[in-house]
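A.B. asks: So that we are looking at the same thing, I have put the structure below in structure tokens.
The values are calculated or read from the model by the stated rules, or taken from the named source; none is laboratory data. Remember, predicted model here, so these are calculated numbers, not experimental data. Cβ placement follows ideal geometry from the backbone for every residue including glycine, while neighbour counts extend to all protein chains displayed.
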Amino acid sequence: MTLDYKGATEKYEPTLGLEVHVELNTNSKMFCSCATEFGASPNTQTCPVCLGLPGALPVVNGKAIESTILIGLALNCSIAPYSRFARKNYFYPDMPKNFQTSQYDEPICVDGYLDVEIETEDGPKTFRVDIERVHMEEDTGKSLHVGGATGRIHGAEYSLLDYNRAGIPLVEIVTRIIPGTGKYAPQVARAYVTQLRDILRSLGVSDVKMEQGSLRCDANVSLAPIGSGLLGTRSETKNVNSLRSVERALTGEIERQANRLEAGERIIQETRHFLEESGLTRPGRSKEQAEDYRYFPEPDLVPVTPDAKWIEELRAKLPENPADRRKRLQKEWNVPDSEMTSLINAELVDVVEETIKLGAEPTRARTWWLGEISRLANEKEVAPTSLITTTFVAEIIALISSGDLTDKLARQVVEGVVNGEGSPAEVIEKRGLKVVSDDSALMVAIEAAIAAQPDTAERIRGGNIPAAGALIGAVMKATGGQADAAKVRELLLRHLGQG
Amino acid sequence: MAAISRDDVAHLAKLARVEMTPDELDHMAVELEQILGAVKRVQEVATADISPTSHPLSMSNVFRDDVVKPSLTNEEALSGAPAKAEDRFKVPQILGEE
């Protein structure tokens, strides 16, 4: 009988381990001054250092070290007073040097943790994920396998290498094994990667785009019978390119392992590849023998020895933890979970906060970003934040609050700004969108409306207030929608002795 | 330290992608043993109060600013490549690995 996920986790206890690779967003590479632009044409961002040409000497990018220490601090790590780079030797064409400059037994940051909260059947529950190490290394080049039916390495006739990515600073964040997650293992993994991504984004050290590979997750999992206290053989799943995939890959892998164990088969320690379409994994390279990377200290680089003063300066720069910040903002804005989730999912928390800081009324700031601006962004298939600046949104909202713009006019202003017609003030000027607030101008329109509908006016005079709607509508029409309806109502009723 | 065996040399040769004849393996096992013996003399002076060194210079924290400098052009980068195609380095098929 085949076990489904529920059956698998009723019988077996999963143990997780996660390795996350983060490409830093430095301008230049880790050990040389080549640019790190994503999507540049092949082999236009290389030099003797990152091509491993004879005699070329690396020099460490100070910004990358700073970013790595920031990451370590944000993950509650200790920063090593002394750390070194090491050569990881292997022959594979993704590194032209035949080694990768990495760190081995002396990483920059050690012994941290991250608390992640997930929703369980018994309400929210927090799991502590222990971080073993955060170390620095360099990214590898990109291979393109040519020939063969699948575009995969097997059956390829030859491979083509682009070394633009080789040497981009890469930080590896390794957890200790995460026991006790039970059936929630995939959710814990996803929550961990999500929180990690948010922290990295808040630190401003990486683009953290999983789809572009600037954040990559390798998920290790093993199973053991519940209550056995044993640790099973693990598999490592690569090619997990989205947060959703982290959860799917682990769910699939736990099911696969459970069914193998049920059938009396052994789990092989191997690397597996996640297949996005099916949610399954397939075996990757089988390791005939244990890796022998012959690590040794990199003789071309000197040790990194951050002093306490530098570390404390960096610690002082740490932004508020994103999870705490969200809780704080939700409380300050007094919004329900659903709206906060919408803001988070749309990645609008930052801009809304900024718009409010610029003086915009909080409810309006949220409504405009989530509503009209998101709608326009959706139409154009771009991010809302790319359409309009927070300063302009705050200006428009201020004009609504002061009664200079109605919501209807404001939508036109936003549209104008988005279409590149200039600042809100310029759009208002060019399109003539100012609310008609001049009482005498409004009175002319009101008197005209009364003259056109004397019977209605009479009814209002007689106390039939709801009848005013027809006259207000006429005035709004006459002013092309540029009057503030509340103001018209006030003037009209007063004029007819009902104010 | 255990003596360098012929198998050790064969393993190292495989890792370093160096082809060696059986004669060369025998010869190298002896030679490596002698080299290690010579280097081992360092251990006679190294005491517990001297920390291992990986670098002749007593320097640390040598960093550069995060500033981009011009790279090689694509032609320059590929000028030493034995084979190239589509602006990339062309390498023989990579078997059995992924």
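A.B. asks: Considering each of A:341, A:367, A:355, A:363 in turn, give the residue that is assigned to a helix (DSSP H, G or I), at pLDDT below 90 and hydroxyl-bearing (Ser, Thr, Tyr).
C.D. replies: Details: A:367 fails: at pLDDT below 90; A:355 fails: at pLDDT below 90; A:363 fails: at pLDDT below 90.
Only one candidate passes the filter, namely A:341.
A.B. asks: Still on this structure: Give A:57, A:16, A:51 a once-over and let me know the one that is closer than 30 Å to residue A:127 by Cα and of a type outside the set (Ser, Thr, Tyr).
C.D. replies: Numbers: A:57 fails: closer than 30 Å to residue A:127 by Cα; A:51 fails: closer than 30 Å to residue A:127 by Cα.
Unique residue meeting the criteria: A:16.
A.B. asks: Of (1) surrounded by fewer than 21 Cβ atoms within 10 Å (Cβ to Cβ); (2) out of contact with any strand residue (DSSP E or B) (no Cβ under 6 Å at 6 or more places or on another chain), residue A:89 satisfies all except one. Which?
C.D. replies: It fails just one condition, (2).
A.B. asks: Pick out, from the stretch A:427-499, the helices (runs of 4 or more DSSP H) lying fully within it that include 1 or more residues that are surrounded by 14 or more Cβ atoms within 10 Å (Cβ to Cβ), modelled with pLDDT of 85 or more and in contact with an Asp or Glu (Cβ under 8 Å, 6 or more places away or on another chain).
C.D. replies: Details: elements: A:439-452, A:454-461, A:468-478, A:485-495.
Filter on the stretch A:427-499 gives A:485-495.
A.B. asks: Whether any residue in the stretch A:252-273 is within 25 Å of the chain's Cα centre (by Cα) and within 14 Å of chain B (Cβ to nearest Cβ) is what I want to check. Let's see the steps before the verdict.
C.D. replies: Filtering the stretch A:252-273 down to residues within 25 Å of the chain's Cα centre (by Cα) leaves A:252, A:273.
So of that shortlist, the ones also within 14 Å of chain B (Cβ to nearest Cβ) come out as A:273.
Checked against the condition, which is being within 25 Å of the chain's Cα centre (by Cα) and within 14 Å of chain B (Cβ to nearest Cβ), the stretch A:252-273 yields at least one hit.
A.B. asks: Additional query: Just one of (1) closer than 30 Å to residue A:310 by Cα; (2) more than 10 Å from chain B (Cβ to nearest Cβ) trips up residue A:66, so point out which.
C.D. replies: Every listed condition holds for residue A:66 apart from (2).
A.B. asks: Quick check on this structure: which one of B:68, B:39, B:91, B:45 is hydrophobic (A, V, I, L, M, F, W, C) and under 30 Å from residue A:274 (Cβ atoms)?
C.D. replies: On the way: B:68 fails: under 30 Å from residue A:274 (Cβ atoms); B:39 fails: under 30 Å from residue A:274 (Cβ atoms); B:45 fails: under 30 Å from residue A:274 (Cβ atoms).
Within the list B:68, B:39, B:91, B:45, the selection yields B:91.
A.B. asks: May I pose another question? For residues that are touching a helix residue (DSSP H, G or I) at 6+ places or on another chain (Cβ under 6 Å) and of a type outside the set (Val, Ile, Thr), tally how many sit in the stretch A:39-75.
C.D. replies: Going through the stretch A:39-75, the residues touching a helix residue (DSSP H, G or I) at 6+ places or on another chain (Cβ under 6 Å) turn out to be A:43-44, A:46, A:69-70, A:73-74.
With the extra rule that they be of a type outside the set (Val, Ile, Thr), the set shrinks to A:43, A:70, A:73-74.
Here the count works out to 4.
This table checks each residue for (1) over 23 Å from the mean Cα position of the chain (by Cα); (2) within 7 Å of another protein chain (Cβ to nearest Cβ).
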residue: A:17; (1), (2): no, no
residue: A:25; (1), (2): no, no
residue: A:30; (1), (2): yes, no
residue: A:33; (1), (2): yes, yes
residue: A:37; (1), (2): no, no
residue: A:41; (1), (2): yes, yes
residue: A:45; (1), (2): yes, yes
residue: A:50; (1), (2): yes, no
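A.B. asks: Now a separate question. Out of the stretch A:448-499, which residues are among the β-branched types (Val, Ile, Thr) and closer than 26 Å to residue A:399 by Cα? Walk me through it before giving the result.
C.D. replies: Just the residues of the stretch A:448-499 that are among the β-branched types (Val, Ile, Thr), to begin with: A:450, A:456, A:460, A:465, A:472, A:475, A:479, A:488.
Listed by number, the residues that qualify are A:472, A:475, A:479, A:488.
A.B. asks: Let me ask something additional. Looking at (1) within 14 Å of chain A (Cβ to nearest Cβ); (2) surrounded by 14 or more Cβ atoms within 10 Å (Cβ to Cβ); (3) at pLDDT 90 or above, can you tell me which one residue B:65 breaks?
C.D. replies: With respect to (1) within 14 Å of chain A (Cβ to nearest Cβ); (2) surrounded by 14 or more Cβ atoms within 10 Å (Cβ to Cβ); (3) at pLDDT 90 or above, residue B:65 is out only on (2).
A.B. asks: What number of residues within the stretch A:14-51 are modelled with pLDDT of 95 or more and on the phi > 0 side of the Ramachandran plot?
C.D. replies: Residues meeting the conditions: 1.
A.B. asks: Quick check, is residue B:24 more than 25 Å from residue A:97 (Cβ to Cβ) and at pLDDT 90 or above?
C.D. replies: On the way: more than 25 Å from residue A:97 (Cβ to Cβ): yes; at pLDDT 90 or above: yes.
Judged against the criteria, residue B:24 is a match.
A.B. asks: Every residue in the stretch B:42-61 that is within 10 Å of chain A (Cβ to nearest Cβ) and at pLDDT 80 or above, please. If you could, list the steps in order and put the result at the bottom.
C.D. replies: Start the filter on the stretch B:42-61 by keeping residues that are within 10 Å of chain A (Cβ to nearest Cβ), which leaves B:51-61.
Correct list: B:58, B:59, B:60, B:61.
A.B. asks: Still on this structure, I have one more. When you scan the stretch A:18-55, how many residues do you find that are farther than 23 Å from residue B:86 by Cβ and either polar (S, T, N, Q) or surrounded by fewer than 19 Cβ atoms within 10 Å (Cβ to Cβ) (or both)?
C.D. replies: Total meeting the criteria: 9.
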